[in-house]
Amino acid sequence: MSTENARAFPNGRCWCGCGERIDDPRVFFRAGHDKRAEVRVIRERYGDVASFLLAYGYGPAAGGGAA
Ligand SMILES: [Zn+2]
């Protein structure tokens, strides 16, 4: 299944995978859990943040970062 056009909707549970309940129907994550989810995906898919950036054309060679 392609996830390229997938659209996410809040479902009352934290999307980081912890399973905690969320009362606000507009919210995907418990406070701070969005970062936890990012870190896990980056580690599992790319190993580290530098490799993740390179995979998408960012990093020093792309001229990004501080001016
Ligand atoms: Zn969570």
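The values are calculated or read from the model by the stated rules, or taken from the named source; none is laboratory data. Since the structure is predicted, the reported quantities are computational estimates derived from the model, not experimental observations. Every residue, glycine as well, gets a Cβ built from its backbone with ideal geometry; the counts of neighbours run over all protein chains shown.
Here are a few things to note about the model shown:
- Within segment 1-29, if we keep just the residues that are under 25 Å from ASP48 (Cα atoms) and touching a helix residue (DSSP H, G or I) at 6+ places or on another chain (Cβ under 9 Å), the residue that is farthest from the ligand (Cβ to nearest atom) turns out to be PHE28.
- Among the candidates ALA37, ALA31, ALA62, ALA66, residue that is more than 15 Å from ASN11 (Cβ to Cβ), modelled with pLDDT of 95 or more and hydrophobic (A, V, I, L, M, F, W, C): ALA31
- Among the residues of segment 23-67, those that are surrounded by 11 or more Cβ atoms within 10 Å (Cβ to Cβ), at negative phi, assigned to a loop (DSSP other than H, G, I, E, B) and out of contact with any Gly (no Cβ under 6 Å at 6 or more places or on another chain) comprise VAL27, PHE28, PHE29, ARG30, GLY64.
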